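Encoded as structure tokens, the structure appears first; notes follow it.
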Amino acid sequence: MAKPTILTVDDEQEVLNAVTRDLHRRYSKDYRIIKTGSGKEALETLRELKAREEPVALLLVDQRMPEQTGIEFLREARKIFPKARKVLLTAYADTAAAIASINEVGLDYYLKKPWEPPEENLFPVLDDLLDEWWVDAPTPYSGIRICGTLWSPSSHRVKDFLSRNRIPYRWLDIELNPEATSLVGDLKLGPGRLPVVFMPDGQTLYNPSNGELAQAIGMRMEASERFYDLIIVGGGPSGLGAAVYGGSEGLVTLLIDRVSTGGQAGTSTRIENYLGFPRGLSGADLARRATAQARRFGVEVLTPQEVLSVRLEDGYKILTLGSGAEVCCKALLIATGVTVRRLALEGIKKFEGAGVYYGAAMTEASSYRGENISVVGGGNSAGQGAMFFSRYARQVTLLVRGSALVRGMSQYLVDQIRATSNIHVITRSEVVGVLGKKKLTGLVVKDQDSGQTREIATAALFPFIGAVAHTEMLAGLVERNRQGFILTGLDLLKNGRIMGGWRLERQPFVLETNVPGIFAAGDVRQGSVKRVASAVGEGAIAVSLVHQYLRTV
């Protein structure tokens, strides 16, 4: 791939030369820097770059230009390079216009002039935006290629694993793509050998497990030490929050997740109410940033790796991993979160990964372009999923058990759904059956008021119907409720006594279980607030409590 372009536009020659000088000093090694003196000239440049299939990473544009304002330019530039990051240079008087353009032109950031010193006021902003751009940048043909079929659960699993771990790949459907047919045609594959994964180093994997994929990619699956101050099980927002604070405060910290960092939030298509991100951010972006931040503080991250069991020896917590290895720690934080509950319908299991997808399943959205799809659920996850899928599907049918969306969904999502013409909401409805042979073709939906059923044609179903906790490794060790959620703090009190054999004089800390030194945070904890920000906060609080615990042992 050619060097991506950073294009800067300003009609004031002195300002244009200054910003170009700063950009060259910082980015010329990895990017092509182009300067233009007008919006018209810049649009011509963008069209030429588009024709030559050369990527554009960032547009840095002055707002006050006589022939065409910066916002007017970005409105047109967005049509040519929609994924390029957009930054507006403004004077103090232009702030209101810049804020208004966040939604209008997809503005990523606005900077007030002057930006001196650039090391503090310019480069950190551009560094972050360029990192974001690379996540969505076109994958070169020399990268990972996956050949399979849309209706294959194994193909979906492989794509989902790579996407959750933010590993770029190119998907080739052997039923539609001549290149894919050519690649696998001479391999004489037997049943169960798809998908085929072609690695950049020439290695070929046939229907690989997640572990085999991780090993081929070079992901860390084994701990470098046997003993840690703090081990965190679960890489969602609460686990990542704890990892950042644990690492930054000097604790030797290990983070373990059975699939990828990000957890359920990592599959969210858009988180719009997270503090500090006025344009919102995707769950994958949040996970990428937080994982990089944790690693910068020395946190060791193991994925994919599963914790099979936990036991105690002389107050130390010993974890047995799926690989058979054991790791030990003084303090343990359980942040395993939850996954979407499965629909209990006859015959639905055969469609999992072949028309029925649990979670946001962003990997499959573009495969259903122009199709009718259905989303089940009335919470924020269902609303976010419906909004994301509406970009691709001809129609999204949102099936809700309740009588109104506002009962379980944030108002901003309700407003967005109402304003989206290709989302059809059916309240007081329940899916009672699935239709199809080799692939899903429709649903049987029951009206809860009349009791009548009807069939709805749909190519894909995405259920968001509640959560299941992952706490099996703690069975018999910590107190849990009937649904498997962990009891902490005051929830352990029953008839004035602490459950689970608590023997210390002090009461358990607010996030501590009935086992001293074992804590729980995030969605896996009974009574937690199911929001990303609160999960991150609980992770940070847990580390503070870990410090208090370590002072007593």
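The values are calculated or read from the model by the stated rules, or taken from the named source; none is laboratory data. Because the structure is a prediction, the values reported are computed rather than measured. Every residue, glycine among them, receives a Cβ derived from its backbone with ideal geometry; neighbour counts consider all protein chains shown. Protein only, heavy atoms only, side chains kept; ligands, DNA and RNA dropped before computing areas. Shrake-Rupley method; radii C 1.70, N 1.55, O 1.52, S 1.80 Å.
The residues LYS159, LYS35, LYS330, sorted by heavy-atom accessible surface at 1.4 Å with ligands and nucleic acids left out, run LYS35, LYS330, LYS159 from largest to smallest. With all protein chains kept in place, the per residue accessible area of the chain amounts to 47 square angstrom at a probe of 1.4 angstrom. Between helix 380-389 and the chain there is an angle of about 40 degrees, using the helix long axis and the longest principal axis of the Cα atoms. Here Rg and Dmax of the Cα atoms in Å was calculated from the structure, and among (i) 24.7, 94; (ii) 37.1, 114; (iii) 25.6, 77 it sits at label (iii). Pairs spanning more than 25 Å between alpha-carbon atoms, out of LYS35/LYS112; LYS3/LYS86; LYS83/LYS159; LYS50/LYS159; LYS29/LYS86; LYS29/LYS83: LYS50/LYS159.
Identify, among GLY496, GLN526, PRO463, the residue whose Cα sits farthest towards the positive end of the charge dipole of segment 447-533, taking +1 on the Cβ of Lys and Arg and -1 on the Cβ of Asp and Glu, with the dipole about the Cα centre. It is GLY496, whose Cα lies furthest towards the positive end. Counting only protein heavy atoms and a probe of 1.4 Å, the accessible surface of segment 327-403 is 44% carbon and sulfur. Expressed as a whole percent, the accessible area of segment 207-318 that falls on carbon and sulfur atoms is 47 (1.4 Å probe). Among residues other than THR261 with Cβ under 13 Å from its Cβ, the summed charge is +4 (Lys and Arg +1, Asp and Glu -1).
Counting heavy atoms of the protein chains alone, MET219 has an accessible area of about 40 Å² for a 1.4 Å probe. In terms of accessible area, using a 1.4 Å probe and ignoring ligands and nucleic acids, ARG482, ARG391, ARG506, ARG342 rank largest first as ARG482, ARG391, ARG342, ARG506.
Based on C-alpha pairs under 8 angstrom that are at least 6 apart in sequence, the chain has a relative contact order of 11 percent. For the chain, the dipole from Cβ point charges (+1 on Lys and Arg, -1 on Asp and Glu) about the Cα centre works out to 1400 debye, to the nearest 20.
Estimated from helices alone, the mean residue ellipticity of the chain at 222 nm is -9000 deg cm²/dmol (sum of -39500 (n - 2.57) over DSSP H runs with n ≥ 4, per residue). Dipole check for segment 1-110: with +1 at the C-beta of Lys and Arg, -1 at the C-beta of Asp and Glu, and the Cα centre as origin, the magnitude is about 560 Debye.
For the chain, with the dipole built from +1 on Lys and Arg beta-carbon atoms and -1 on Asp and Glu ones, taken about the Cα centre, which of LEU399, GLN293, LEU59 lies farthest toward the positive end? Looking along the dipole axis, the top candidate is LEU399.
Taking Cα centre as origin and charging only the Cβ of basic (Lys, Arg, +1) and acidic (Asp, Glu, -1) residues, the dipole magnitude of segment 1-53 rounds to 360 debye. When the trypsin sites (Lys or Arg not before Pro) in segment 276-305 are filtered for DSSP coil states and for at most 16 other beta-carbon atoms within 10 Å of their beta-carbon, the remaining sites are ARG279.
Of the residues ILE426, TRP133, ILE232, the one whose Cα sits farthest towards the positive end of the charge dipole of the chain is ILE426 (charges of +1 on Lys and Arg Cβ, -1 on Asp and Glu Cβ, taken about the Cα centre). Here segment 1-114 has 49 percent of its accessible surface on carbon and sulfur atoms, given a 1.4 Å probe and all protein chains in place. Ordered by solvent-accessible area of protein heavy atoms (1.4 Å probe), largest first, the residues LEU461, LEU504 come out as LEU504, LEU461. With the whole protein complex present, ILE71 retains an accessible surface near 20 Å², based on a 1.4 Å probe.
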